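Have a look at the structure below before the remarks.
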Amino acid sequence: MTREVRLTPVNEQNLEPLLSVAVAEAEPDEVMPPVDAPAGWSQARMDAFRAFYRSHFGGLDGPTGNLMYAIEQDGDVVGMIRLGRRDEPGTLETGMWLGKSTRGQGIGLIALRLVLAEAIGAGARRVVADTRPDNLPAVSLLRRGGAVLVQDGPAVRAEIRLGVSEDVDLLDAG
C-alpha cells in the first residue's frame, strides 16, 4: 500500500489536528519546550503548545527563524518536522516528532527527505540535527537520511551535506 506523505506549513488550519496528535500520542516534552505546569497534557500545556507553534508562523524569515511543517500521511496530521536558521552560513537545523502509532513505518525518513528538499530550495548547503545517543530511532533515521554522526558527550550531532560542497571547484572536477 502506497502512503502519501507531505509537508504543510503549520498554520491555524492544522494546529488543532497537530495538538490532537500530540495529546493522544506523545509526551509534552517530546513536542514542545518545558512548561511550568502540572504533569501531562494540562490545559496550561495545551495553551503553551498553541502559543509555541503560533510563534513560528513567520517561517525562516520570521522572528524565530523557524519553519514548522505538519507531517501529513494520507491527509491526516501525524507529526511535525521543522527547519531553523543557524548562525553558520548555509546551515539549517531540523528536528521532528511523530505520533506513536506512526513511528517505525518509514514516514520519518520520507519527511526528512522532503524537508531536505525544502532546505535546498531555501539555499542551504547543509542541515544539522542534535539528538541523544540513546534515541536509537532518531540516530538510525538520521543515518539512513545520509547524515554523518558525531557523538559529543551526551549529544549526537548529525550533519547532512546538500548538493555540491562549497569547497569543490566544478571547473576542476572533470
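The values are calculated or read from the model by the stated rules, or taken from the named source; none is laboratory data. What you see is a predicted model, and the numbers here were worked out from it, not measured in a lab. With ligands, DNA and RNA removed, areas are computed over all heavy atoms of the protein, side chains included. Shrake-Rupley method; radii C 1.70, N 1.55, O 1.52, S 1.80 Å.
Report, in deg cm²/dmol and to the nearest 500, the calculated mean residue ellipticity at 222 nm for the chain, where each DSSP H run with n ≥ 4 adds -39500 (n - 2.57) and the sum is divided by the residue count.
Numbers: 5 runs with 54 residues, N = 174.
Only helices count here, giving -9500 deg cm²/dmol.
To the nearest 10 degrees, how steeply does helix 107-121 sit against the main Cα axis of the chain, on a 0 to 90 scale?
60 degrees
Which of the three applies to the stretch 4-72, rounded, prolate or oblate, going by the alpha-carbon gyration tensor with a ≥ b ≥ c and a/c under 1.5 meaning rounded?
Here the stretch 4-72 falls in the oblate category.
Rolling a 1.4 Å sphere over the protein heavy atoms, what is the accessible area per residue of the stretch 1-157, to the nearest Å²? Mind showing how you got there, number by number?
Values: 8200 Å² over 157 residues.
Per-residue accessible area for the stretch 1-157 comes out at 52 Å².
Could you work out the relative contact order of the chain? I mean the mean sequence separation of Cα pairs under 8 Å and 6+ apart, divided by the number of residues, in percent. Write down the numbers at each step before the final one.
Working: 267 pairs, mean separation 31.5, N = 174.
Normalised by residue count, the contact order of the chain is 18 percent.
Classify the stretch 42-105 as rounded, prolate or oblate from the Cα gyration tensor: take a ≥ b ≥ c as the square roots of its eigenvalues, call it rounded if a/c is under 1.5, otherwise prolate when a/b beats b/c and oblate if not.
Values: a/c = 2.25, a/b = 1.29, b/c = 1.74.
The shape class here is oblate.
Relative contact order for the stretch 70-141: what percent, with Cα pairs under 8 Å and sequence separation of 6 or more? Could you put the intermediate results ahead of the total?
On the way: 81 pairs, mean separation 20.3, N = 72.
It comes to 28 percent, rounded to a whole number.
Computing the accessible area with a 1.4 Å probe over protein heavy atoms, can you report the carbon and sulfur percentage for the chain?
Roughly 52 percent of what the probe reaches on the chain is carbon or sulfur.
Want the number for D152 to L114: 0.36 nm per residue separation, take away the alpha-carbon distance, what's left? Walk me through the numbers before you get to the answer.
Numbers: separation 38, 0.36 × 38 = 13.68 nm, distance 2.73 nm.
Gain on extension, D152 to L114, equals 11.0 nm.
Compute the Cα gyration tensor for the stretch 68-108, then decide on rounded, prolate or oblate, letting a ≥ b ≥ c be the square roots of its eigenvalues: rounded whenever a/c is under 1.5, prolate when a/b is larger than b/c in the other cases, and oblate in all that remain.
Details: a/c = 3.45, a/b = 2.50, b/c = 1.38.
Verdict is prolate for the stretch 68-108.
What does DSSP give for the chain in terms of the percent of beta bridges that are antiparallel, rounded to the nearest 5? Numbers along the way, then the final one.
Numbers: 32 of 35 bridges.
In the chain, DSSP labels about 90 percent of beta bridges as antiparallel.
Using the Karplus curve 6.51 cos²θ - 1.76 cosθ + 1.60 with θ = phi - 60°, work out ³J(HN,Hα) for each residue of the stretch 74-83 in order, rounded to whole Hz, and write x for Gly and Pro.
Each residue's phi maps through the Karplus curve to give 6, x, 9, 6, 10, x, 9, 9, 9, 10 Hz.
Quick one: which residues, 5+ away or cross-chain, put their amide H under 5 Å from the amide H of R86? H built at 1.01 Å from N.
Long-range HN contacts for R86: T91, E93.
Taking springs between alpha-carbon atoms closer than 10 angstrom, which of E88, E16, E30 fluctuates most in the Gaussian network model of the chain?
Result: E88 has the largest fluctuation of those listed.
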